[in-house]
Amino acid sequence: QVHLVESGGGLVQPGGSLGLSCAASGSISSISDMAWYRQAPGKQRELVARVDRSSTTDYGDSVKGRFTISRDNAKNTMYLQMNSLEPDDTALYYCYALIQTTRTTPHRFYWGQGTQVTVSP
């Protein structure tokens, strides 16, 4: 069993900052790509940011320059620092990871349950 647990969501004013964490636990041999996705009401889920095992990063256009993704491989944990938040950043933020549970099995993807981020005056 593998679990991804997000934390750090909440309510913040426009222009404020918030940090998210995603901790992977369970039967884990290795984790390759990790990513944050978000989904606002009535909209499709979209990629926020992605980081591979060597910490190469990729960002969605709407968050470039404002958000920073990082990971700690020793802790199987990923982070998202969000600055200059805007009302359009309001969404449910999901953690995603490609995880190998043993050295002989292929990687498969896992999702967290999501954490709510609300940006409002």
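Quick note: the coordinates plus some simple rules give every number you see, no bench work behind them. In this text the structure is predicted, and so the values were computed from the model without any measurement. Please note: Cβ atoms are built from the backbone with ideal geometry, for glycine as well, and neighbour counts cover all protein chains shown.
At-a-glance table
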| quantity | calculated |
| --- | --- |
| Residue (of Ile28, Gly10, Gly114) at the positive-pole extreme of segment 2-121, dipole from beta-carbon charges | Ile28 |
| Reciprocal mean inverse distance between Cα atoms of segment 30-121 - Kirkwood radius, Å | 13.9 Å |
| Karplus-derived 3J(HN,Hα), 6.51/-1.76/1.60, for each residue of segment 41-58, Hz, glycine and proline x | x, x, 10, 6, 5, 10, 6, 9, 6, 9, 9, 8, 5, 8, 6, 6, 10, 8 |
| Size of charge dipole - the chain - debye, nearest 20, with Cβ of Lys, Arg +1 and Asp, Glu -1, no other charges | 320 debye |
